[in-house]
Amino acid sequence: MDGEGRTSGLVKSAAVKLSEMGERTKELGTAMKDPHRQRRIILVIVCVALLLDNMLYMVIVPIIPDYLAELESEQSEHVHVVIHPNSSSANSTSLDKSNKNNLDVQIGVLFASKAILQLLVSPLSGTFIDRVGYDIPLLIGLSVMFVSTCIFAIGENYTTLFVARSLQGLGSAFADTSGIAMIADKYTEESERSTALGIALAFISFGSLVAPPFGGILYEFAGKKVPFIVLACICLADGVLLLTVIKPFSNRTRENMPVGTPIYKLMVDPYIAVVAGALTVCNIPLAFLEPTIANYMETTMHSTQWEMGLTWLPAFFPHVLGVYITVKLGAKHPHLRWFYGALGMVIIGASSCTVPACKTFGQLIAPLCGICFGIALVDTALLPTLAFLVDVRHVSVYGSIYAIADISYSVAYAMGPIVAGQIVHNFGFVQLNLGMGLVNVLYAPALLLLRNVCQMKPSDSERDNLLDEAPQGLYDTIKMEERRAKKKGYSSAGNCLAVDENGFDKFRAQRSVSEESSGPEYT
């Protein structure tokens, strides 16, 4: 009787747990039907993906150089003993210098390979995202990142690690672009969009700055595999959540969605070009200092390993502060976003010029915090501006526009590990920082071109003014009608179309042109 009672108790307990799981699943399903709660869940998924990508980007900083140095040392010792068993110490010293220079080049190429492949793939991924939506590319990006992280964990030679790093760039080209584009698509109001993108930037910053100490500590006490296994598990969980919540392969009706503006047309837009240039220039100091600051600290300040590992960690707090301030100011004074970006570039320039003057670890923290604070101002002010420019001047599809932003970042981080070391070797660390600071200060006035962007309205877009480019399909036509009705304060449900001050209905005229060119029915 006792056995039967225990069995029935276990069965009841299991039934209760299954019932609770069913209720939680129903609650999740109900949450996904609510647009506001759905947006929050999607924001969490995207932020975790961005966090992972940037942790993977930076976690190898304290791991790979030391790991490759050990491999190189073992191989060189073995080759030296076999080929030159009786060679002198002088020959051994010259061989060590040659190996060190070769290792530095290998590390620089390995670090840059991610950004280089991301730079090459981003134009294609942006077009792909515009055609298939945001969720499937995000799933593709997470899957590739999971595979690359696993390869990092098991890789034991330079070729394997290079393949893993390059694969990470491929995954980032899909995950980063589709994630940011998904946020811009779900948050259509400017204030909400700015806040959501600010949260995403905070996760990006946290991932970049906390990854080196995270990787260094786990590598020191648990070995090379553990940091990558932990990140692979988080990546897998985020992918499962994406499949569970968004269900990217169910009920897709792409034929009714608008056709995005080709990426080459966006690139020649002068406003977008100015923003893209600012994103590249403002990230150059960070991209160029990451591979060179440790050597400068070691030779000038005689810093310890833990000081070099924690160099960028204090900068996380001013970065988050910069995001918060820019979001708040942008909500109150959206017409001054260009000024916040220009101010950020001036702060970056001034901070970069003061880095060589620092002689202690404590002094160095201040300009590095200034650089990250300025980057927060620029990114938080200009990323929402890109979406706004697409809304008012092109078509509200965001894959290609944020692929351009991804390209802007990748240009800086592809050059950094390769070019920065050569500049320091040929001209010096001081000249590198002065040059980066000067470039940022000189570029800041270019953002004056954006001062009137906030005054643009959707009716000013090229799709509205140029009659040679008619609405693409029924969905696009209805969206244009709803947008005009919203601007004029009417409801499109009542067929109240907005007219201009002369009583001329431009939308109806454009629709008649579309009907004449495409036939009696919309395609």
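For the stretch 422-446, what are the residues that are open to solvent by 60 Å² or more (accessible area, probe 1.4 Å) and in a helix (DSSP H, G or I)?
Result: Q422, H425, N426, V430, Q431, L434, L438, V439, V441, L442, P445.
Going by the structure shown, is A112 at pLDDT 65 or above, in a helix (DSSP H, G or I), among the small types (G, A, S) and surrounded by fewer than 17 Cβ atoms within 10 Å (Cβ to Cβ)?
Against the criterion (at pLDDT 65 or above, in a helix (DSSP H, G or I), among the small types (G, A, S) and surrounded by fewer than 17 Cβ atoms within 10 Å (Cβ to Cβ)), A112 does not qualify.
Can you pull out the residues in the stretch 216-225 that are free of Cβ contacts under 8 Å to residues at least 12 places away in the same chain, part of a helix (DSSP H, G or I) and open to solvent by less than 60 Å² (accessible area, probe 1.4 Å)?
Going residue by residue through the stretch 216-225, those that are free of Cβ contacts under 8 Å to residues at least 12 places away in the same chain are 217, 220-223.
Those still in the list that are part of a helix (DSSP H, G or I) too: 217, 220-222.
Matches in the stretch 216-225: A222 only.
Quick check on the stretch 228-238. Is at least one of its residues in contact (Cβ under 8 Å) with a residue 60 or more places away in the chain, open to solvent by less than 20 Å² (accessible area, probe 1.4 Å), over 16 Å from A381 (Cα atoms) and small (G, A, S)?
yes
Can you name the residue in the stretch 134-155 that is in a helix (DSSP H, G or I) and farther than 21 Å from I45 by Cβ and, of all such residues, is most open to solvent (accessible area, probe 1.4 Å)?
By that ranking, first place goes to I154.
Check the stretch 196-204 and report whether any residue there is in a helix (DSSP H, G or I) and either farther than 26 Å from F388 by Cβ or polar (S, T, N, Q) (or both).
no
Only residues that are β-branched (V, I, T), open to solvent by less than 20 Å² (accessible area, probe 1.4 Å) and assigned to a loop (DSSP other than H, G, I, E, B): list them for the stretch 304-361, please.
Answer for the stretch 304-361, where residues must be β-branched (V, I, T), open to solvent by less than 20 Å² (accessible area, probe 1.4 Å) and assigned to a loop (DSSP other than H, G, I, E, B): just T311.
Let's see how each residue does on (1) open to solvent by less than 50 Å² (accessible area, probe 1.4 Å); (2) free of Cβ contacts under 8 Å to residues at least 40 places away in the same chain:
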| position | (1), (2) |
| --- | --- |
| E192 | no, yes |
| A200 | yes, no |
| F203 | no, no |
| F214 | no, no |
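When both residues are 6+ apart or on different chains and their Cβ atoms are under 9 Å apart, which pairs have a first residue that lies in the stretch 325-344 and is farther than 21 Å from V281 by Cα, and a second that is open to solvent by 50 Å² or more (accessible area, probe 1.4 Å) and outside any helix (DSSP H, G or I)?
If the second residue must be open to solvent by 50 Å² or more (accessible area, probe 1.4 Å) and outside any helix (DSSP H, G or I), the pairs left are H335/R451; H335/N452.
Taking the criterion of being modelled with pLDDT of 90 or more and either surrounded by fewer than 18 Cβ atoms within 10 Å (Cβ to Cβ) or hydrophobic (A, V, I, L, M, F, W, C) (or both), would at least one residue in the stretch 396-403 satisfy it?
yes
So how many residues does the stretch 242-260 have that are open to solvent by 70 Å² or more (accessible area, probe 1.4 Å) and either at pLDDT 80 or above or basic (K, R) (or both)? Before you say what the answer is, go through the steps one by one.
To start, the set of residues in the stretch 242-260 that are open to solvent by 70 Å² or more (accessible area, probe 1.4 Å) comprises 243-244, 247, 249, 251-253, 255-257, 259.
Subset that is either at pLDDT 80 or above or basic (K, R) (or both): 243-244, 247, 252.
So the answer is 4.
Which one of S73, S89, S166 is more than 21 Å from Y219 (Cα to Cα), modelled with pLDDT under 85 and surrounded by fewer than 21 Cβ atoms within 10 Å (Cβ to Cβ)?
S89
Looking at I423, I407, can you tell me which residue is within 22 Å of the chain's Cα centre (by Cα) and β-branched (V, I, T)?
Numbers: I423 fails: within 22 Å of the chain's Cα centre (by Cα).
When all the criteria are applied, what remains is I407.
Could you run through the stretch 263-282 and say how many residues are open to solvent by 50 Å² or more (accessible area, probe 1.4 Å) and either at pLDDT 95 or above or under 15 Å from D130 (Cα atoms) (or both)?
2
The values are calculated or read from the model by the stated rules, or taken from the named source; none is laboratory data. A quick note: this is a predicted structure, and the numbers were derived from the prediction, not measured. We place every Cβ from the backbone using ideal geometry, glycine too, and count neighbours over all the protein chains shown. Heads up: the accessible areas ignore ligands, DNA and RNA and are worked out on the full protein's heavy atoms, side chains in. Shrake-Rupley method; radii C 1.70, N 1.55, O 1.52, S 1.80 Å.
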